[in-house]
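A.B. asks: Starting off with a structure, shown below.
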Amino acid sequence: MRLILLGPPGAGKGTQAKFLVDSYGIPQLSTGDMLREAVAAGTEVGRKAKAVMDAGKLVSDDIMNAIIDERIGKEDCARGFILDGFPRTLEQADALGDMLQRRGSGLDHVVCLEVDDDALVERISGRYTCANCGEGYHDSFKKPASEGVCDRCGSTEFKRRKDDNPETLKTRLFAYYKDTAPLIGYYHAKGLLKRIDGMGDIGDITAAIRKVLDS
Ligand code: AMP
């Protein structure tokens, strides 16, 4: 199954992708994670992307298309993948269509998670992860059972994304509405779009997505 999770920053794409990886046995391809790894490793792509990401703007289509073209050609994507954070522009969507066509395949579903702007700001400004295992937490919604200790691995080190601040979030939301939201119409016109209410309980949203994917 080849699936795109679409939605604004903070909509829950990454959270839901992780559950779907377990259910369907296909990998999550998070371009944000890939770029953050490239920045941490100091690669050429990482050096080019860092300032753009810190500002909340979009990395160039050429760079992103090349990353995804290479990634979906890997063995673990043979049975499908979950795209989380790509495509983010109409150019990227066209390029993805070409990449899949070249490989004789295509998309099965595009799931759009719909969340109110106020909730996005609240979700993003409070979120953090365990620096060791990556488990996600939130200042209001999901604190570790024992304060300062990761529930999953016991680490006491946590980190917050540099771009998860109110100022950068404004730029990220602007980029979403200007460049990425047009993809909703694009995939609707292709008959692939499924809209899911992303405001409720995490488990209920996973169930709603699975229902759509399995129908
Ligand atoms: P994310 O983790 O998906 O919120 O992505 C973090 C940042 O990485 C974004 O704000 C962009 O600067 C960059 N980024 C991730 N995916 C893309 C993409 N498909 N196109 C352009 N920039 C991207």
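The values are calculated or read from the model by the stated rules, or taken from the named source; none is laboratory data. Everything numeric here is computed off the predicted structure, so don't read it as measured data. All Cβ positions, glycine included, derive from the backbone under ideal geometry; neighbour counts span all protein chains shown. Accessible surface areas use protein heavy atoms only, side chains included; no ligands, DNA or RNA. Shrake-Rupley method; radii C 1.70, N 1.55, O 1.52, S 1.80 Å.
A.B. asks: Let me have the relative contact order for the chain, percent, based on Cα pairs under 8 Å that are six or more residues apart.
C.D. replies: Relative contact order of the chain: 29 percent.
A.B. asks: Per DSSP helix of 4 or more residues, -39500 (n - 2.57); summed, then divided by the residues of the chain. What does that give at 222 nm, rounded to the nearest 500?
C.D. replies: Estimated from H runs of four or more residues: -14000 deg cm²/dmol.
A.B. asks: Taking the simple approach of a point 7 Å from Cα along Cα-to-Cβ for both Tyr128 and Thr43, what is their distance in nm?
C.D. replies: Rounded to a tenth, the inter-label distance reads 2.9 nm.
A.B. asks: Quick one: what are the phi-derived ³J(HN,Hα) couplings along the stretch 201-215, Karplus 6.51/-1.76/1.60 with θ = phi - 60°, whole Hz, x for glycine and proline?
C.D. replies: Per residue, the Karplus-derived 3J(HN,Hα) values read 5, 4, x, 5, 5, 4, 5, 5, 5, 4, 4, 5, 5, 8, 7 Hz.
A.B. asks: Kindly provide the Kirkwood hydrodynamic radius of the chain in Å, to one decimal, from all pairs of distinct alpha carbon atoms.
C.D. replies: 17.9
A.B. asks: Something else about it: Can you tell me the accessible area per residue over the chain, all protein chains present, probe 1.4 angstrom, in square angstrom? Don't skip to the answer; put the middle values down first.
C.D. replies: Working: 11220 Å² over 215 residues.
Per residue, the chain has an accessible area of 52 Å².
A.B. asks: Can I ask one more? Pull up the cross-link candidates among the lysines for Lys142, meaning alpha carbon to alpha carbon under 21 Å and not fewer than 8 places away within one chain.
C.D. replies: Lys13, Lys18, Lys159, Lys162
A.B. asks: I'd like the carbon and sulfur percentage of the solvent accessible area for the chain, probe radius 1.4 Å, heavy atoms only, ligands and nucleic acids excluded.
C.D. replies: Summing carbon and sulfur atoms, their accessible area is 51 percent of the total for the chain.
A.B. asks: Spelling out what I want: for every residue of the stretch 178-187, take phi, set θ = phi - 60°, compute 6.51 cos²θ - 1.76 cosθ + 1.60 (Karplus), and round to whole Hz; glycine and proline get x.
C.D. replies: 3J(HN,Hα) across the stretch 178-187, in whole Hz: 6, 9, 9, 4, x, 5, 4, x, 4, 7.
A.B. asks: Okay, next question. Of the residues Gly126, Gly198, Gly42, which exhibits the maximal mean-square fluctuation in a Gaussian network model of the chain defined by a 10 Å Cα contact cut-off?
C.D. replies: Gly42
A.B. asks: Also, quick follow-up: Taking a ≥ b ≥ c as the square roots of the Cα gyration tensor eigenvalues, with a/c under 1.5 meaning rounded and otherwise prolate when a/b beats b/c, else oblate, which class fits the stretch 15-90?
C.D. replies: It is prolate, given that a/c is not under 1.5 and a/b is the larger ratio.
A.B. asks: Comparing Gly136, Gly203, Gly104, which has the greatest mean-square fluctuation in the GNM of the chain with Cα pairs linked when under 10 Å apart?
C.D. replies: Evaluated over the chain, the most mobile residue of the options is Gly104.
A.B. asks: How large is ³J(HN,Hα), in whole Hz, for each residue of the stretch 79-95 in order, when computed from phi with the Karplus curve 6.51 cos²θ - 1.76 cosθ + 1.60 and θ = phi - 60°, using x for Gly and Pro?
C.D. replies: Computed from phi, the couplings for the stretch 79-95 are 8, x, 6, 10, 7, 10, x, 9, x, 10, 9, 4, 4, 5, 5, 4, 5 Hz.
A.B. asks: For a test of the definition: using alpha carbon positions, the gyration tensor, and the 1.5 limit on a/c, classify the stretch 73-135 as rounded, prolate or oblate. Write out the running numbers ahead of the final one.
C.D. replies: Working: a/c = 2.95, a/b = 1.64, b/c = 1.80.
Since a/c reaches 1.5 but b/c is at least a/b, the shape of the stretch 73-135 is classed as oblate.
A.B. asks: Moving on to the next point. Hey, in the chain, which Cys have no second cysteine's beta-carbon closer than 4.7 Å?
C.D. replies: So far as the 4.7 Å Cβ criterion goes, Cys77, Cys112 stand without a partner in the chain.
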